[in-house]
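S.K.: Before anything else, here's the structure in question.
Here, each number is a calculation from the coordinates, and none is a lab measurement. As the structure is a prediction and not an experimental result, all values here were calculated from the model. Cβ coordinates were reconstructed from backbone atoms using ideal geometry, including for glycine residues, and neighbour counts include every protein chain displayed.
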Amino acid sequence: MGFKCGIVGLPNVGKSTLFNALTRTAAAQAANYPFCTIEPNTGEVAVPDPRLKKISGITKSKEIIPTRISFVDIAGLVRGASKGEGLGNQFLANIREVDAIVHVLRCFEDDDITHVEGRIDPVADAETVETELMLSDLDSLERRTTQMQKRASGKDKEAMTLLPMMEQALALLQEGKPVRLLLDGIAAEDLKILRGLNLLTSKPVLYVCNVAEGDAAEGNEHSRAVAAMADSQGAGSVVISAAIEAEVAQLPDAEAAEYLEAMGLEEPGLDRLIRAGYELLDLITFFTSGPKETRAWTVYKGAKAPQAAGVIHTDFERGFIRAQTIAYEDFIALGGEVPAREAGKARDEGKEYVVTDGDVMLFKFNT
Ligand SMILES: Nc1nc2c(ncn2[C@@H]2O[C@H](COP(=O)(O)OP(=O)(O)OP(=O)(O)O)[C@@H](O)[C@H]2O)c(=O)[nH]1
Ligand SMILES: [Mg+2]
């Protein structure tokens, strides 16, 4: 399964710097000129999860394997992108392929680094980019809705199912609002339809405030303005200094910890960002553990036990019989599988079981 977060924003705001830090590589070129990035860069990142160590402490696993998500570093968008400005159409197509958007906003002052609008105003920058995404959605949806209305009036079944959701989305866009607003409390079938429309503004968004080194711990007036905006939209925001993260990513672990402490930070901002990205994608983790390895696996919230089995191996899903399931807290508190079973905390779950975050699972299957 590939869960992808796209790194989006105006040109020259630090997207590639952040991407390189995330992936601990120099795969993306980062330099002080707009449109440094043209082709997207993709990298996989381990999702940090302290529970892995706790579980493997009990099962004495030889190896710990975290779960992973992907980040895609995309070219900068400028005003007019939806009309093709600055290769906008190509870049918007790159955004269409991701599952969630990490929107980087420049919140640092530095006269040496070019800002395409010549001023630091992250809330206005966010609006500029969001407007392009909305215009692009409006364009594509208007065309599709007209066709769909024709088909629906001819009593086409598919069209009649899709049309109500398309019309709701279109109405929002026409008011200048992102389609994301429909996600709150949406029914499962509608969510499927909405995801199928593959609109840019229906993807969940996390704002990343890229601040100067000195502001990494507390944020600054710009990042506070972004946090207020994010709150009002039901979006998330994190404060990160891409410059610090780039530095830390190069250091051996012990030195990195010292450096972070000197900056007043408890953990790399990237860990917070990766976890936030994971939540943004609506993902949860379940574990498998034995002497060989303790491993974290990813499923969408709401996944049932056979789907979880299928993440490990497609045969596991096809031949699924049941899953011995122990809640993470029970597994740790009772000291592993055997004591949990004796305490009646190892449940035998069937095909309809909805996986809970932290479940330690053992699948029984037929091949
Ligand atoms: N002072 C300062 N400079 C930064 C920071 N983050 C990035 N930069 C600099 O800003 C310039 C642009 O960074 P990139 O990471 O290439 O920006 P980008 O958003 O990928 O740019 P495009 O690919 O052109 O859209 C580089 O010279 C970076 O070194 C930061 O936190 N502080
Ligand atoms: Mg770049």
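S.K.: Could you please report the charge total around residue 63, scoring K, R as +1 and D, E as -1 over all other residues with beta-carbon less than 14 angstrom from its beta-carbon?
M.R.: Numbers: positive: 53, 60, 62, 292, 295; negative: 293.
Every neighbour counted, the sum reads +4.
S.K.: Debye sum, Cα scatterers, the range 162-321, no solvent: what log₁₀ I/I(0) at q = 0.10 1/Å?
M.R.: -0.58
S.K.: In addition: Calculate one ³J(HN,Hα) per residue across the range 270-280 by plugging θ = phi - 60° into the Karplus curve 6.51 cos²θ - 1.76 cosθ + 1.60, and present them in order as whole Hz with x for glycine and proline.
M.R.: Working through the residues one at a time gives 5, 4, 5, 5, 5, 5, 5, x, 5, 5, 4 Hz.
S.K.: Compare 188, 124, 340 in a GNM of the chain, Cα atoms joined below 10 Å, and give the one with the largest fluctuation.
M.R.: 188
S.K.: A follow-up question, please. Provide Rg and Dmax in Å for the range 51-120, with only Cα atoms included in the calculation.
M.R.: When restricted to Cα atoms, the range 51-120 yields Rg and Dmax of 20.2, 57 Å.
S.K.: Per 0.36 nm of contour for each residue apart, how much would the distance between residue 351 and residue 198 grow if the chain were fully extended, relative to their Cα-Cα spacing?
M.R.: On the way: separation 153, 0.36 × 153 = 55.08 nm, distance 2.98 nm.
Computed gain between residue 351 and residue 198 is 52.1 nm.
S.K.: Note the full-extension length gain between residue 150 and residue 53 as 0.36 nm times their separation in residues minus their Cα-Cα distance, in nm to one decimal. Walk me through the numbers before you get to the answer.
M.R.: Working: separation 97, 0.36 × 97 = 34.92 nm, distance 5.74 nm.
Value of the extension gain: 29.2 nm.
S.K.: With the crude spin-label approximation of a point 7 Å out along Cα→Cβ, what separation in nm comes out for residue 83 versus residue 174?
M.R.: Placing both labels 7 Å along Cα→Cβ, they lie 2.2 nm apart.
S.K.: Right, next: Residue by residue through the range 352-358, which ³J(HN,Hα) values in whole Hz follow from phi under the Karplus form 6.51 cos²θ - 1.76 cosθ + 1.60 (θ = phi - 60°), with glycine and proline marked x?
M.R.: 8, 5, 8, 4, 10, 4, x
S.K.: While we're looking at this one, here's another question. Over the chain, with a Gaussian network built from C-alpha contacts below 10 Å, which listed residue (343, 228, 81) shows the highest mean-square fluctuation?
M.R.: 343
S.K.: Right, another one. First obtain the Kirkwood hydrodynamic radius of the chain from its Cα pairs, then insert it into the Stokes-Einstein equation at 4 °C and 1.567 mPa s, and state the resulting D in µm² per second as a whole number. Display every interim value, and only then the final one.
M.R.: On the way: Rh = 22.4 Å.
In µm²/s, the coefficient rounds to 58.
S.K.: What is the fewest-to-most order of 357, 125, 112 by other Cβ atoms lying within 10 Å of their Cβ?
M.R.: Values: 357 13, 125 24, 112 5.
Starting with the residue having the fewest Cβ neighbours, the order is 112, 357, 125.
S.K.: On to the next question. Using Cβ-Cβ distances only, list the Cys residues of the chain with no partner cysteine under 4.7 Å, sorted by number.
M.R.: Here 5, 36 come out as lacking a disulfide-compatible partner, given the Cβ-Cβ threshold of under 4.7 Å.
S.K.: Grab the Cα-Cα distance for residue 300 and residue 35, subtract it from 0.36 nm times how many residues apart they are, and report the gain in nm with one decimal. Before the final figure, lay out the partial values.
M.R.: Working: separation 265, 0.36 × 265 = 95.40 nm, distance 3.42 nm.
Length gained between residue 300 and residue 35: 92.0 nm.
S.K.: Restricting to Cα pairs below 8 Å that are 6+ residues apart, what does the relative contact order work out to for the range 302-365? Please round to a whole percent. Kindly include the intermediate steps, with their values, before the conclusion.
M.R.: On the way: 100 pairs, mean separation 30.8, N = 64.
After rounding, I find 48 percent.
S.K.: If I model a spin label as a point 7 Å beyond the Cα along the Cα-Cβ vector, how far apart are those points for residue 247 and residue 224 in nm?
M.R.: 2.4
S.K.: 5 Å is the cut-off here: which amide hydrogens, built 1.01 Å from N in the peptide plane, fall below it relative to residue 319, excluding neighbours closer than 5 in sequence?
M.R.: 366
S.K.: Also: What ³J(HN,Hα) values, in whole Hz, does the Karplus curve 6.51 cos²θ - 1.76 cosθ + 1.60 give for the range 48-54 when θ = phi - 60°, with x put for Gly and Pro?
M.R.: x, 8, x, 5, 4, 5, 4
S.K.: What list do you get for 58, 244 if you sort them by fewest beta carbons within 10 Å?
M.R.: Values: 58 17, 244 22.
With the sparsest Cβ surroundings first, the list reads 58, 244.
S.K.: I would also like to ask the following. Give the Cα extents of the range 234-367 along the principal axes, in whole Å, largest first.
M.R.: On the principal axes, the range 234-367 reaches 52, 33, 29 Å in Cα extent.
S.K.: Round to the nearest 0.05 the FRET efficiency obtained for residue 117 and residue 307 when R0 = 51 Å and r is the Cβ-Cβ distance. The partial results should precede the final answer.
M.R.: Numbers: r = 45 Å, r/R0 = 0.89.
The pair residue 117/residue 307 has a calculated efficiency of 0.65.
S.K.: Another one. Skipping prolines and chain starts, which residues have an amide H placed within reach, meaning under 5 Å, of the one on residue 37, given they are 5 or more residues away or on another chain?
M.R.: HN-HN under 5 Å from residue 37: 76.
S.K.: Now for a separate question. Using Cα pairs closer than 8 Å and at least 6 residues apart in sequence, work out the relative contact order for the chain, in percent. Intermediate results must be reported in sequence, preceding the final value.
M.R.: Details: 682 pairs, mean separation 68.5, N = 367.
The normalised contact order for the chain reaches 19 percent.
S.K.: Let me ask something additional. Does anything in the range 1-21 have its amide N under 11 Å from the 7 Å Cα→Cβ label point of residue 44, and if so which residues?
M.R.: Residues 1-3 qualify, since their backbone N sits under 11 Å from the label point.
S.K.: In deg cm²/dmol and to the nearest 500, what is the mean residue ellipticity at 222 nm of the chain if only DSSP H runs of at least 4 residues count, each as -39500 (n - 2.57), divided by the residue total?
M.R.: Numbers: 14 runs with 156 residues, N = 367.
Only helices count here, giving -13000 deg cm²/dmol.
S.K.: Hey, another quick one. Let me check the size of the range 302-365 from its C-alpha atoms; what are the radius of gyration and Dmax in Å?
M.R.: Over the range 302-365's Cα set, Rg and Dmax evaluate to 11.5, 33 Å.
S.K.: Please arrange 115, 103, 313 by how many other C-beta atoms lie within 10 Å of their C-beta, fewest to most.
M.R.: With the sparsest Cβ surroundings first, the list reads 313, 115, 103.
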